[in-house]
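Enquirer: Got a structure for you, written out below as structure tokens; questions coming shortly.
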Amino acid sequence: MPWQAELLADELPVPVDRSFVDEELCSSQSDKLFQVKLKDGQPGFVYALLEHKSYPDPGTALQVLKYKVRILEMYAQGRAGRLRALPTVIPLVFYHGVQPWTAPGSLAEMVATKDERLRALEPSFGYYLRDLRKIPVERLASDPGARAGLLALRQAHTGGEEEKLRLLPEVVAGPPDNSEFEKQVLLYLMGIWNVPVRTLEKVAEQAKPGRGKAVVGQVVEEIRNRGKAEWLAKGLAKGRAGSLTQLLEHRFGPLPLAVRTRIAGASMTELDARFMVSLDAQSLSEVFPDLDRD
């Protein structure tokens, strides 16, 4: 967002520890709000929404508007002075799915009427889309940490195993040492990229000599100590579910809700079995033969 960034004062943004995403969308969306100051001295917010769907959601503009309203309500707290001087909220949507983003870019685009007088009553309520797939790797970010995080997201549904292995050292090296972000990136690589622990240990030691392997070991041990081995298994299953969804959408188009529900609740064994069937199947009914009975 080049021109939007020019409007911000030279002060570090302050993260707001709160999510505005609906609970039922948490598996496909995550968000982060930052409080900023504009160069004119007024307060503002930058709202980053990460779309984890592998397809463009036509309702994104409406969702973003709902989240903006929640942000403004949080800020105003019903106080008359603040309600008369609401801050700017800059919404950024980051997308790293497989299919090209074709969803409406604003609420105005979603309104059906063609009457210009009625359309004039509808504010745009748009958002700024950052389709990570379309951004060259070298232009994702200049900061190594930000670049590593965006690269991890970008490659989750893009490129094959060879490309992932080629980029893995950069993703591992980017996050600051001993930071929570470093742990989250390693967890993401294990759970979503499906990188084996031994491979990750080897790459981490090369990227961060003298501590890389130990850090991976610490993350794995921390998962065990906290009783989160189940969480990691769910992360791995989520990665497999994403791969199966991606393959089915590529071959058969948008999936019915019943299929998505079935994939979301499937075990790792079932996901693997259905993925193998999907490679040669000629229809969804071959992959889910009991779907019609359901």
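Enquirer: If all Cα-Cα distances of the range 245-284 are sorted into 5 Å bins from 0 onward, what percent lands in each bin, rounded to whole numbers?
Expert: In whole percents, the pair-distance histogram is 5, 24, 35, 28, 8.
Enquirer: So what is log10(I(q)/I(0)) for the range 1-80 at q = 0.12 1/Å, when the Debye sum runs over its Cα atoms only?
Expert: Taken in order of the listed q values, log10 I(q)/I(0) reads -0.41.
Enquirer: Moving on. Any chance you could look up the accessible area of Phe34 with a 1.4 Å probe, heavy atoms only, rounded to 10 Å²?
Expert: The accessible area of Phe34 comes to roughly 60 Å².
Enquirer: Using Cα pairs under 8 angstrom and six or more residues apart, how large is the relative contact order of the range 62-182, in percent?
Expert: After rounding, I find 22 percent.
Enquirer: Continuing with this model, one more query. Of the accessible area of the range 83-234, with the probe set at 1.4 angstrom, what percent is carbon plus sulfur?
Expert: 54
Enquirer: Here is a follow-up. Using amide H atoms built in the peptide plane, which far-off residues or other-chain residues are under 5 Å from Ser30 H to H?
Expert: Correct list: Leu50, His52.
Enquirer: Show me the ranking of peptides 282-289, 96-103, 21-28 by mean Cβ neighbours inside 10 Å, starting with the highest.
Expert: Working: 282-289: 14.1, 96-103: 17.1, 21-28: 12.5.
Going by the mean number of other Cβ atoms within 10 Å, highest first, we get 96-103, 282-289, 21-28.
Enquirer: Go ahead and estimate [θ] at 222 nm for the chain from helices alone: -39,500 (n - 2.57) per DSSP H run with n ≥ 4, summed, over the residue count, rounded to 500.
Expert: Here the helix-only value at 222 nm equals -14000 deg cm²/dmol.
Enquirer: Once amide H atoms are placed 1.01 Å from N in the peptide plane, what residues at a sequence separation of 5 or more from Asp131, or on another chain, have their amide H within under 5 Å of its amide H?
Expert: Tyr95
Enquirer: How charged is the neighbourhood of Tyr55? Take every other residue with its Cβ under 11 Å from the Cβ of Tyr55, and add Lys/Arg as +1 and Asp/Glu as -1.
Expert: Around Tyr55, the surrounding residues sum to -1.
Enquirer: Turning to a different aspect of this structure: Mind putting together the pair-distance distribution for the chain? All Cα pairs, 10 Å bins, whole percent per bin, short to long.
Expert: 5, 22, 30, 25, 13, 4, 0
Enquirer: Which three extents, in angstrom, do the Cα atoms of the range 113-172 have along their principal axes, listed largest first?
Expert: Per principal axis, max minus min of the Cα coordinates gives 55, 25, 14 Å.
Enquirer: To continue, here is another question. At 1.4 Å probe size, with every protein chain present, just tell me what the per residue accessible area of the range 13-101 comes to in Å².
Expert: Details: 4340 Å² over 89 residues.
On a per-residue basis, the range 13-101 sits at 49 Å².
Enquirer: Same structure, new question: Each residue of the range 19-26 in turn: what ³J(HN,Hα) in whole Hz from Karplus with 6.51, -1.76, 1.60 and θ = phi - 60°, glycine and Pro shown as x?
Expert: Here the 3J(HN,Hα) series is 10, 10, 6, 4, 4, 6, 9, 4 Hz.
Enquirer: Can you pull the Kirkwood radius for the range 59-142, inverse mean 1/r over Cα pairs, to one decimal in Å?
Expert: 15.2
The values are calculated or read from the model by the stated rules, or taken from the named source; none is laboratory data. Everything numeric in this text was worked out from a predicted model, so none of it was measured. Virtual Cβ from ideal backbone geometry, glycine too; neighbours counted across all protein chains shown. Ligands, DNA and RNA are excluded from the accessible area calculation, which covers all protein heavy atoms including side chains. Shrake-Rupley method; radii C 1.70, N 1.55, O 1.52, S 1.80 Å.
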